[in-house]
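First the structure, in the form of structure tokens, and then the observations on it.
Please treat every number below as a calculation from the coordinates, not as lab data. Source: prediction; values computed, not measured. A quick note on method: Cβ atoms are made from the backbone with ideal geometry, for glycine too, and the neighbour counts reach across all protein chains shown.
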Amino acid sequence: MDSQSGCSLPIIYQPFDANEESHWQDRGSLFDYLFSTEGAGKRLLDFGPGDGWPSLIVAPFVDEVVGVDGSLHRVEICAENARRMGISNVRFIWVKPGTPLPFQNNSFDGVMAASSIEQTPDPKATLQELYRILRSGGHLRIGYEDLGRYRNNQEQEAHLDKIDDHMCWLTLYDRHIDQEFARMYRIAFSLPNEKVIKFFLENGDSLSFDLITIPLLEKAFPSITETLLCSLTHPSGKTFVPWLKEIGFREVVPSHSGAWFAEQLFAQYSEGTRPSDIDTIDSILRSLVKIVVQMAAPINENPMITAIK
Ligand SMILES: C[S@@+](CC[C@H](N)C(=O)[O-])C[C@H]1O[C@@H](n2cnc3c(N)ncnc32)[C@H](O)[C@@H]1O
């Protein structure tokens, strides 16, 4: 995958468009990570940057950003995006998942982690590493995928993605929300999409998790070329907070996010009244997000979390 985000990221892949709610959210996130890490003019770590997010949008506001990712391919994509954007105060480093980070103790002023801690083999051990490399008084800001959003009918899902005319991937998600873990299965077929759909739809009218049974998979076995199983722990806010305290962070604050606030603000403007240039939008968001990220949010809504060492 050359772009993990499907090239949908504003600034990194698309020109800023003030009519797009997601572009406002992106600017809200930028100021969120900047202010909640107290990062302005400092040295930040971005853990698991994917396509370079938020490293590449935050970099113009700080001294230095180091992005560390467990995928070599992602590191190359991030570095290429930085080159294309002419950003020189950011560098990206590969780290083998599950191994210590290649940094000395107390070496960063702040750490940003966007949907990445829950992707690691041991999220609690990852937090311990982030604590180690953060300087005393430094801030860690965590955004995470909340499994609760899949409650009521999306706990189990099946998707088919065409690779080319002769090959496709079937992806199955099996989410155990209250137990805070998820399994993802990927199965590659050397068959066109339509054939795979027809094969599993013998007993139904749309592809669903329940239709992918063991007997059918056994029947399809000769056309299966590759399989992958990924089991991930998905801590909720209720789990992250006690973990962070146990690790030693002196203050842990679940708070509202800049992206959420920017989304609310976008909706307040009617068509035609909304500011249309990024500088005006930034100046509005900059002052307000600084306050919003300090406002405590209910833990059962799985807010973003700031932890101070
Ligand atoms: C869901 S993506 C999020 C990417 C980006 N932060 C964003 O929000 O668009 C998770 C990222 O974490 C990285 N990752 C997963 N396990 C990791 C590990 N053990 N160490 C470092 N990065 C890891 C993945 O390679 C991927 O780039």
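Structural remarks
- Principal-axis tilt of helix 278-292 within the chain, Cα atoms, nearest 10 degrees: 80 degrees
- Spacing of the modelled spin labels on Leu228 and Thr213, each 7 Å from Cα toward Cβ, amounts to 2.9 nm.
- Stokes-Einstein D in µm²/s, Kirkwood radius over Cα pairs - the chain at 25 °C with 0.890 mPa s viscosity: 117 µm²/s
- Using θ = phi - 60° in the Karplus curve 6.51 cos²θ - 1.76 cosθ + 1.60, the 3J(HN,Hα) couplings for the range 160-165 round to 10, 10, 6, 8, 8, 5 Hz; x is entered for Gly and Pro.
- Listed cross-link partners Lys96/Lys245; Lys42/Lys309; Lys96/Lys124 are compared with a 24 Å cut-off, the Cα-Cα value being larger for Lys96/Lys245.
- Going from the fewest other Cβ atoms within 10 Å to the most, the residues Leu147, Leu229, Leu34 appear in the order Leu229, Leu147, Leu34.
- For Gly67, the residues 5 or more places off, or on other chains, whose built amide H falls under 5 Å of its own are Asp46, Arg91, Phe92, Ile93.
- Angle of helix 258-268 to the longest C-alpha principal axis of the chain, folded into 0 to 90 degrees and rounded to 10: 90°.
- Sorting the segments 23-29, 191-197 by their mean number of nearby beta carbons within 10 angstrom, highest to lowest, gives 23-29, 191-197.
- Note on the range 104-253: percent of Cα-Cα distances in each 10 Å bin, starting at 0 and stopping at the bin with the largest distance, equals 10, 32, 23, 18, 13, 4, 0.
- The smallest convex shape that holds all Cα atoms of the range 1-58, its convex hull, gives 80 Å³ per residue.
- Cut-off under 5 Å, modelled amide H: who pairs with Val111 long-range: Leu45, His139, Leu140, Arg141
- Cβ crowding within 10 Å, taken as a proxy for footprinting-reagent exposure, orders Tyr144, Tyr269, Tyr13, Tyr33 from fewest neighbours to most as Tyr269, Tyr13, Tyr144, Tyr33.
- Sequence-distant aspartates and glutamates (8 or more away, or on other chains) whose Cα lies within less than 16 Å of Lys290: Asp26, Asp32, Glu38, Glu263, Asp282
- The range 224-309 - percent relative contact order, Cα under 8 Å, separation 6 or more: 52 percent
- In the range 149-233, one over the average inverse separation of all distinct C-alpha pairs is 13.5 Å, which is the Kirkwood hydrodynamic radius.
- For the range 62-198, the antiparallel share of DSSP beta bridges with both residues in that region comes to about 60%.
- Close amide-amide hydrogen proximity is noted between Ser255 and Ala297, Met304, Ile305, Thr306, each under 5 Å apart and 5 or more residues distant or on a separate chain (H modeled in the peptide plane; Pro and chain starts excluded).
- Kirkwood hydrodynamic radius (C-alpha pairs) into Stokes-Einstein, the range 1-140, 4 °C and 1.567 mPa s, D in µm²/s: 86 µm²/s
- Rg and Dmax of the range 70-133, both derived from C-alpha coordinates alone, stand at 12.8, 35 Å.
- Reachable lysines, given that their alpha-carbon falls under 18 Å from the alpha-carbon of Lys198 and they are not under 8 places away in the same chain: Lys162, Lys219
- Likely footprinting exposure, Cys78, Cys168, Cys230, fewest C-beta neighbours within 10 Å first: Cys230, Cys168, Cys78
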